[in-house]
Amino acid sequence: MPISATLSSSPITLPSLLPFDPPNTISPRNLSLSGGRQFRTLAVNKPGLLSVLDRAMEEEEYRKARAEVRRKGVDVEGYLIEGLSVGGHETCVLVPSLNSAFDIGRCPARAVHQDFLFITHAHLDHIGGLPMYLATRGLYNLKPATVFVPPCIKEDVEKLLQIHRTMSQVELEVDLIALDVGETYEIRNDLVVRPFRTHHVIPSQGYVIYSVRNKLKKQYAHLKGIQIKKLKLSGVEITDTILYPEVAFTGDTTSDFILEPRNADALRAKLLITEATFLDEENDIKHAREHGHMHLFEIMENAQWFRNKTILLTHFSSRYSIEDIRQAVSKLQPKLSSKVVALTEGFRSEYT
């Protein structure tokens, strides 16, 4: 029998919905007609099929939420990004397709197989895992890693590694390269890297990885294929080498890096990986700047400068939960929120 759309104020008795479900007496104020839970109150007093179905729905929601919490890595702009970045605890962000890792806080196992490591600054939550990274690569008989550091810390890094060699009696093989802001290093024939200036409480720098492409020079654009071929065979240089910024990583920095004129490539890279340590009014912009970090509000204030297709936010304070982070990101301006993704690996959740 269908439920009447008009309900009286006195209790009503519903007929049994199934042979083994006895009638249930309910009050109109407890009767819900919304969505798939309209009969939820029918099963409150006595377990039955409806309560089983209800629990199954809740368990399915919970399972999906748990799966989302446990999800490792994010796919953005054709790159799988792995690793984790928790403010003050550890940062190591991996881009396996580029054979690269940015910072090495506690050396997660997946980082060991990346041949190129880019260190932004010398705080332990960003460099502390370096000896373990090198030692484990040696254990696996991998080739010496290429590790890039700001020039001002190279000597101290060498001292640090020598101490570990002495203590552990293990040879930590590494190609340690001091790469300064504006300098370019070829990773492979189609990739180069160039550091850019960032602003933290100690010396720091970010990195932009560029793809290298050859583009036909404008003066030859009107020529036919056979003419271009003849020019090339005659030894004429017919192409220009163009660097396209693919991935930029800031490490720890204040928002001042955004207004650096020479940092334009970081702000137009296909993917920008940057920090947003603080998200709320309790820990405001002043607090963030005092600690050499960036506030999500500052990303909102400078939205017009970001030409990136995707911005991956990292380094959130450990005081936040996954739900806090997602709620904060959801409040960004529509044009900005559509391209912002949060790396939440390592954060707690109400589903854990």
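The values are calculated or read from the model by the stated rules, or taken from the named source; none is laboratory data. Just so it is clear, the structure is predicted and the values come from calculations on it, not from any experiment. When we count neighbours, we look across all protein chains shown, and the Cβ atoms used for this are built from the backbone with ideal geometry, even at glycine. Keep in mind that these areas ignore ligands, DNA and RNA; they rest on the heavy atoms of the full protein, side chains included. Shrake-Rupley method; radii C 1.70, N 1.55, O 1.52, S 1.80 Å.
Please work out, to two decimal places, the log10 of the ratio I(q)/I(0) at q = 0.26 Å⁻¹ from a Debye calculation in which every Cα of the range 240-309 carries one identical scatterer.
-1.20
Using packing as a proxy for protection, rank 274-281, 248-255 so that the peptide with the highest average count of other Cβ atoms within 10 Å comes first.
Highest-to-lowest ranking by the protection proxy: 248-255, 274-281.
Hey, what do the phi angles of the range 312-324 turn into as Karplus ³J(HN,Hα) couplings, whole Hz, using 6.51/-1.76/1.60 and θ = phi - 60°, x for Gly and Pro?
Couplings: 9, 8, 9, 6, 5, 4, 5, 6, 8, 9, 4, 5, 4 Hz.
Have a look at the range 171-242 and give its Rg and Dmax from the Cα atoms, expressed in angstrom.
Final numbers for Rg and Dmax: 19.0, 58 Å.
Along its principal axes, what span do the Cα atoms of the range 101-186 show, with the longest given first and each in whole Å?
Computed over the range 101-186, the largest-to-smallest principal extents equal 35, 24, 22 Å.
Excluding same-chain residues fewer than 8 positions from Lys143, which aspartates and glutamates have a Cα within less than 17 Å of its Cα?
Once the sequence-local aspartates and glutamates are set aside, what remains near Lys143 is Asp115, Glu171, Glu173, Asp175.
Can you pull the accessible area of Asp156 for me, 1.4 Å probe, Å² to the nearest 10?
90
List the pairs from Lys215/Lys309; Lys154/Lys215; Lys218/Lys270; Lys270/Lys335; Lys217/Lys270 whose alpha-carbon separation is above 27 Å, in the order I gave them.
Checking Cα-Cα distances, Lys154/Lys215 exceed 27 Å.
What is the Cα centroid distance between the range 160-214 and the range 294-352, reported in whole angstrom?
With the range 160-214 and the range 294-352 each reduced to a Cα centre, they are spaced 27 Å.
Could you name the aspartates and glutamates in cross-link range of Lys286, using Cα to Cα under 19 Å and dropping any fewer than eight places away on the same chain?
Asp252, Asp256, Glu275, Glu298, Glu301
Any idea what diffusion coefficient the range 199-322 gets from Stokes-Einstein, in µm²/s, Kirkwood Rh on alpha carbon pairs, 10 °C, 1.306 mPa s?
My calculation gives 94 µm²/s for D.
Could you tell me, in Å, what Rg and Dmax come out for the Cα atoms of the range 265-352?
12.6, 39
Kindly write out, for the range 286-294 in residue order, the coupling ³J(HN,Hα) from the Karplus curve 6.51 cos²θ - 1.76 cosθ + 1.60 (θ = phi - 60°), rounded to whole Hz, with x marking Gly and Pro.
Each residue of the range 286-294 in turn: 4, 4, 4, 5, 4, 9, x, 10, 10 Hz.
Order the peptides 142-152, 182-192, 225-235 from the highest to the lowest mean number of other Cβ atoms within 10 Å of their residues.
Output ranking for 142-152, 182-192, 225-235: 142-152, 182-192, 225-235.
Sequence neighbours fewer than 8 away in the same chain don't count; with that in mind, list the lysines whose C-alpha is under 18 Å from Lys331.
Lys339
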